[in-house]
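Read-outs throughout are calculated quantities, based only on the coordinates presented, and are distinct from any laboratory measurement. Model, not experiment: these values are computed from the prediction. A quick note on method: Cβ atoms are made from the backbone with ideal geometry, for glycine too, and the neighbour counts reach across all protein chains shown.
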Amino acid sequence: MQLHARGFPLDGRSSAFILNHMVKYQDETLDRTFAALSDPTRRALLARLGELDSLSVSELAAPFPVSLPAIMKHLDVLTDAGLIVREKTGRTVSCRLTAQPMEQAMNWLNRYAQYWSDNLDRLAAFVEEETWPTQPSTPIPAAPSAQANVQPNVQASRSRAGSARGRRKSTPPGRRPRS
């Protein structure tokens, strides 16, 4: 008899299937936003759009040393991430920023910024309230090591003993050693 928990067999066969889908159960909008922001050209395009309300694709691409098709590919990534909106009026395509994906990214970053800020504040408080032992006024000399007492000639001969210079090379099977 096989036991079931919440409708799933307990033999482990279906758990891999469930876990496989759990990996894919994430906010894809946030992933696309960070992927789009990972490229410096796309960040520069967003910065230009942040300075002006709306720009045509050719105006947006003008200062960049890449081709217009390359800029179009970057704009496709930004559009897929929801960071920009493109509008076509006649033959002109203009682009403008949209705020929602950036707000989601900032909320995610702020959550972790608060976490790290709290942890660093606790660390600072710990360091400030802890009493540290004072250093002795005279430094304690280090104990002499055993290697320091070995004479240089003995140490040099030891280093040569393991070198390949003093050993004969082995000959492969079926060959006679050289004389």
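May I ask for the net charge around ASN110, where only other residues with Cβ less than 13 Å from the Cβ of ASN110 are counted and Lys, Arg are +1 while Asp, Glu are -1?
Working: positive: ARG111; negative: GLU103, ASP118.
Computed value for this residue: -1.
For the residue pair SER54 and SER67, what label-to-label distance in nm results when each label sits 7 Å from Cα along the Cα-to-beta-carbon direction?
So the label points at SER54 and SER67 sit 2.9 nm apart.
With just the Cα atoms defining each centre, how far is the range 80-106 from the range 64-79? Give it in Å.
Using only Cα atoms, the two centres lie 14 Å from each other.
Cβ neighbours within 10 Å, averaged per peptide: list 70-79, 103-112 in order, most packed at the top.
70-79, 103-112
In what sequence, highest mean first, do 114-127, 28-41 appear when ranked by Cβ atoms within 10 angstrom?
So the order, starting with the most tightly packed, is 28-41, 114-127.
At TYR115 and GLU87, where each label point lies 7 Å from the Cα along Cα→Cβ, what is the point-to-point distance in nanometres?
Those two pseudo-labels are separated by 3.9 nm.
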